[in-house]
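Report on one structure; see the data block that follows.
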Amino acid sequence: MSGADELDEAIALANSGRTRPDPPPAPRLKRIRRIQWSEHGEDAMEPVGPAGQAEDGQGRSAQEGHTGRGEHADGASRPAPQHPVDASGASGETERPGDGEGRKGHAAHETAPSWSDAVGLAASAGTPPPPTSLGLNRALGHTLAAPVRALTDLPPFDTSAMDGWAVSGPGPWELARTDDGEERPGILAGDRFDPPRLADGEAVRIATGARVPAGTSAVLRWEAAERTGAARLRTATPPQPGTDIRPRGQECRTGDALLGAGSPVTPAVLGLAAAAGYDELEVVARPRAEVLVLGDELLHRGLPHDGRIRDALGPMVEPWLTALGADVTATRLLGDDAEALYEAVSGTTADVLVTTGGTAAGPVDHLQPTLRRVGARLLVHGVRVRPGHPMLLAVLDPDDPDDGAGAAPSARTRAGAAGAETGARAGARPRYLVCLPGNPLAALSGLVTLAGPLLRALAGRAEPKPCTATLGAEVPGHPRDTRLVPVRREGSGVRSRVRPLRYAGPAMLRGVASCDALAVVPPGGAAPGEDVTVLELPW
């Protein structure tokens, strides 16, 4: 576990009211290690001497090592202000890179966008493709590319809302008769001919959905009618004019706007479109996505063993992307094979390629070298959010495959240029890469920060309206970064609150599996009674 992961987990434990057992002291150095907020972007836990100063020089404490998968630590050898996470003195050690790596990581974190800026960058990076027409049997789950206007009145004629009797006048009523003196047949839904007009004082049987004959003043429900003799009908409570009649155009008139462009096509939308006369709908094609699960340490069935753990992201990411509006064509398990990763990235035909793990710079983290090798243009390189800060967003431009192989000036400039170029091109469209950290909750953070806004943009969906909720408990914060915290709603009305859940460390899913939403906690934390933005889950 990297220093950043240790720190995020300690925050989660402090928030839950529990503490993590202190590790045994190092046998030779005989000093206490405690959590400090580093001055640098990745918040490594610095070794602290008795006087509270970071030890350095003369080989006393600076140790080199590799970072964890996806959540890298990069502390440089500068003193850091102390900021204990919990009063119990939860402690831990970290492997940290050399000073050169620390300075590079610090600079990268300083130029990384804030969480809200990263969401905006992802949302503006892509544009929907030209609209396409799909039959109603294939349009479910897409987004309307054009408004839906009524092609007919709804209902198209006056119809009965109940089974009963069409009556004319206040009653009692004589049963309507044919020319030969027989009782007129009842009117059924789907009868192809207009029913004869009712004279004042007449009644005729009618079924739900049937056309109401001219002259009808109301529909008398079957159970409220009483026959007297063979030819008369009466009721104890005569119906008011218009009772149980659905007049023509009650729901809409021809040409009325029913749904706007950007509306998701739900089952109810399909029903309304069919009722309004549509056989096809103009929609935005769902973006195609592919998932690459990286990591030789991952097992895909059975219990963890021999230093290997179960893959939690493969089963989670694909349905999450589907809920966000993508058609996932495949989830592929690649391990830590650099050539296999290069072939998968360079050969993908998906609109969005989502990878899990390998976003850091460890010895088996091949993702960033692969992005450079394929000429990907980085739009977002790290985000000031916990967990999940080393997430990446990149684009492969089919018209400029070599563009962006080097470093670009800034995430905002890159995303703006990408959006402008993307909108101006026709034909082949760019492919996007969303690179998620390997820890489960950190990967989820990348899904809601980068994948969700990007997929909504590509699918032509509107961004959800911001929602706020009142905290029912304090949530500790990071001094500079936003935190995404699983919360559950409690109470209702003015007493409604959201309360942070336990088990919210970067490697944990227990909290988010039982949460109602994710709270966006600003740098510095939030107090009970404070309103915070909450992100609804996409199901």
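Considering every alpha-carbon pair of the stretch 444-523, the percent of pairs per 5 Å bin, from zero through the bin containing the longest distance, is 3, 13, 21, 23, 19, 13, 6, 1. Shape analysis of the stretch 214-306 based on the Cα gyration tensor places the equivalent ellipsoid semi-axes at 58, 24, 10 Å, largest first.
The HN-Hα couplings worked out from phi for the stretch 127-142 by the Karplus form 6.51 cos²θ - 1.76 cosθ + 1.60 (θ = phi - 60°) are 10, x, x, x, x, 9, 9, 10, x, 4, 6, 10, 8, 4, x, 8 Hz, whole numbers, x standing for Gly and Pro.
From the protein chains alone at 1.4 Å, what is the descending order of accessible area for Phe157, Phe193, largest first? Intermediate values should be presented prior to the final figure.
Values: Phe157 75, Phe193 170 Å².
Final ranking, largest accessible area leading: Phe193, Phe157.
Taking the mean number of other Cβ atoms within 10 Å as a proxy for protection, how do you rank 212-219, 297-304 from highest to lowest? Can you show the working numbers first?
Details: 212-219: 21.0, 297-304: 11.9.
Ranked by mean Cβ neighbours within 10 Å, highest first: 212-219, 297-304.
In this view, the solvent-accessible surface of Arg310, computed with a 1.4 Å probe and all protein chains in place, comes to about 100 Å². Database remark: amide H of Arg488 closer than 5 angstrom to the amide H of Arg499, Leu501, Asp516 (H placed geometrically; neighbours at sequence offset of 5 or more, or on other chains; Pro and chain starts carry no H). Peptide packing for 480-486, 133-139 was compared via the average number of neighbouring C-beta atoms within 10 Å per residue; ordered from the highest value, the list is 480-486, 133-139. Karplus-based coupling profile of the stretch 356-370, in residue order and whole Hz: 10, x, x, 7, 8, 10, x, x, 10, 8, 8, 5, 5, x, 5, with θ = phi - 60° in 6.51 cos²θ - 1.76 cosθ + 1.60 and x standing for Gly or Pro.
Solvent exposure of the stretch 106-249 amounts to 52 Å² per residue of accessible area, where only protein heavy atoms count and the probe is 1.4 Å.
Provide the FRET efficiency to the nearest 0.05 for the Ser492-Glu297 pair, computing r from the beta carbons and using R0 = 35 Å. For Ser492 and Glu297, the calculated efficiency is 0.20.
The listed residues Ile309, Ile206, Ile245, once ranked by accessible area (1.4 Å probe) with the largest placed first, stand as Ile309, Ile245, Ile206.
Around the amide H of Arg177, modelled in the peptide plane, lie the amide H atoms of Arg184, all under 5 Å away and 5 or more residues distant in sequence or on another chain.
Residues whose amide H lies under 5 Å from that of Thr243, counting only those 5 or more places away or on a different chain, are Val219; hydrogens are built 1.01 Å from N in the peptide plane.
Here the Karplus curve 6.51 cos²θ - 1.76 cosθ + 1.60, taken at θ = phi - 60°, turns the phi angles of the stretch 277-282 into couplings of x, 8, 9, 9, 10, 7 Hz, with x standing for Gly and Pro. With R₀ set to 56 Å, the beta-carbon distance separating Leu140 from Arg227 gives a calculated FRET efficiency near 0.70. So, taking all protein chains as they sit and a 1.4 Å probe, how much accessible area belongs to Met162, in Å² rounded to tens? We get 60 Å² for Met162.
Distance from the C-alpha centroid of the stretch 171-203 to that of the stretch 292-358: 68 Å, rounded to the whole angstrom.
Annotation: extensible slack from Tyr342 through Glu280 equals 18.3 nm (criterion: 0.36 nm per residue apart, minus Cα-Cα distance). Using heavy atoms of the protein chains and a probe of 1.4 Å, the accessible area assigned to Asp279 is about 130 Å². Run the accessible area of the stretch 250-320 with a 1.4 Å probe and give the carbon-and-sulfur part as a rounded percent. Here it works out to 55 percent. The listed residues Asp194, Asp337, Asp397 rank as Asp194, Asp337, Asp397 when sorted by accessible area, largest first, using a 1.4 Å probe. Note on Glu183 and Arg332: the model spin-label points, each 7 Å out from Cα along the C-beta direction, lie 7.3 nm apart. Taking the three principal axes of the alpha carbon atoms in the stretch 267-335, the coordinate ranges are 62, 19, 13 Å, sorted in descending order.
The values are calculated or read from the model by the stated rules, or taken from the named source; none is laboratory data. These numbers were taken from a predicted model, which means no experiment stands behind them. Cβ: placed from backbone, ideal geometry, glycine included. Neighbour counts: every protein chain shown. To get the accessible areas, we keep the full protein, side chains included, count just its heavy atoms, and leave off ligands, DNA and RNA. Shrake-Rupley method; radii C 1.70, N 1.55, O 1.52, S 1.80 Å.
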